[in-house]
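Data first, discussion second: the structure below is written as structure tokens.
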Amino acid sequence: MYRDFIYYDEEKVKSILAQLDSGLIESIGSESTHTGDIEGNVNTGVVAEMLGIKLGANGKYEYSKNNQSNKVLHDHAFSAMVDLMGKNLKDVSNLDRSQISNKSFVKISGDMKIYDYKDLSSMLGKWDKIGEIFNIKSESDDADTFQLFSEFITEVYDDLTIIELKNKKNSILTGLVKPKYLRETMRDLTFKYGTTPDHKWEMVCQITKIPQNKSQNIGDRFADFGDTLDVSKLNEEKSMSNFLNSFIDEFNKLYDVFASVGYPNIAVDPIGVYRIIE
């Protein structure tokens, strides 16, 4: 079996490996320097190598940042992590939403979709030019609306890229992608696979939140927005931070609506996303 990675969170894999391989590292010197001494026993040579650890001439294990060699070991490190997880890595590929538990490491296989909000914002902002090229007739108000949406997406979803995998039971796991861990650019991925790749895809991830089904729609949740804020009572506050915190609490409602995973999807932190080649 060959894993063709499109996303690999190197730091997450290293962290999991170091914690699962008990006693691997007691302490690591400052990472601001190129090389630092490590005290303690390294009981697994292969895993140590994956973490950039080698035996120095002085008999001490050393931690060295070598990005090029680390990339070569990514796939091996991922396999070692999966093996060390064992039964703690639950396969949810055939489970419905109610059977998936919170705060656990899982593996899911199924249909994948990629959503690039930055590209969407750019496309909407150029809608008038697209209309001219393809002779798409639209009212001037439509172009203004698209421009407003473009600006809104840029402000709220700046550089946001999301990966979703849906299993056989229609359970959808949604994860935020960190661009630096993508193996290829979004443009390359879309060109090669499209926005709905039809290969067999898998994702290993950590579940972070299982949203509950709320009866309110977006309009309902905005109905009382700002009601708890009363600027006229600023002088009565004991500190400015308390007053500002109340603003943050209120505006967090906006983030909950626009910038978080909603029901019925399940929020996850992706570790590795790849297609399986037999």
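Bear in mind these aren't lab numbers, they're just calculated from the coordinates by the rules spelled out. Computed from a predicted model, the values in this text were never measured in an experiment. Cβ coordinates were reconstructed from backbone atoms using ideal geometry, including for glycine residues, and neighbour counts include every protein chain displayed.
Pop out the ³J(HN,Hα) list for the stretch 227-233 in order, Karplus 6.51 cos²θ - 1.76 cosθ + 1.60 with θ = phi - 60°, rounded to Hz; leave Gly and Pro as x.
Karplus values, whole Hz, x for Gly and Pro: 5, 7, 9, 9, 4, 5, 9.
Could you order the peptides 204-211, 226-233 from most to least packed, using the average number of other C-beta atoms within 10 Å per residue?
204-211, 226-233
List every residue whose amide H lies under 5 Å from the amide H of K200, counting only residues 5 or more places away in sequence or on a different chain, with H placed 1.01 Å from N in the peptide plane.
I276
Would you mind getting me the FRET efficiency between D119 and S239? Use the beta-carbon distance for r and R0 = 45 Å, nearest 0.05.
0.55
Non-local amide H neighbours of R183 (under 5 Å, H modeled in plane, Pro and chain starts lacking H): which ones?
Y7, Y8
As a quick test, which of the pairs K12/K118; K14/K107; K12/K178 have an alpha carbon distance above 21 angstrom in this structure?
Distance filter (> 21 Å) returns K12/K118.
Hey, what do the phi angles of the stretch 3-13 turn into as Karplus ³J(HN,Hα) couplings, whole Hz, using 6.51/-1.76/1.60 and θ = phi - 60°, x for Gly and Pro?
Using θ = phi - 60°, the values come out as 9, 9, 6, 10, 8, 8, 8, 4, 5, 5, 4 Hz.
With θ set to phi - 60° and the Karplus curve 6.51 cos²θ - 1.76 cosθ + 1.60, what are the ³J(HN,Hα) couplings of the stretch 172-183 in order, to the nearest whole Hz, using x for Gly and Pro?
The phi angles translate into 10, 9, 10, x, 7, 8, 8, x, 5, 9, 6, 6 Hz.
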